[in-house]
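I have placed the structure first, in the form of structure tokens, so that the comments after it can refer back to it.
We did not get these values from a lab; they are worked out from the coordinates using the rules stated. In this text, all values refer to a predicted model and were calculated from it rather than measured experimentally.
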Amino acid sequence: MWSAAPPSASPEGWSPKRSSLAGISDGDAKLLKGAFNITTVGDLGRNPYFRTASALVALTGGTE
């Protein structure tokens with residue numbers, strides 16, 4: 001869930017903070033910054049570890 005919609009003129013430049021996502025607290029944001037140098041939602045989406053995890057979940061049908 002986003003806290004605000006991206007600007008329609010320049011979506012590439014839109015890079016909300018991690019805390020814009022539901023469930024990411026300020027403490028979680030600090031841990032992401034310290035562990036993975038993630039400071040924006042874009043960083044989170046482009047991070048190779050999170051991309052790999054997302055791909056594995058997709059390949060297994062999203063079940064545990």
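Structure data summary
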{"quantity": "Segment Leu56-Ala22, length gained on full extension (0.36 nm per residue, minus Cα span)", "calculated": "10.0 nm"}
{"quantity": "Ile38 long-range amide H proximity, modeled H, under 5 Å", "calculated": "Lys33"}
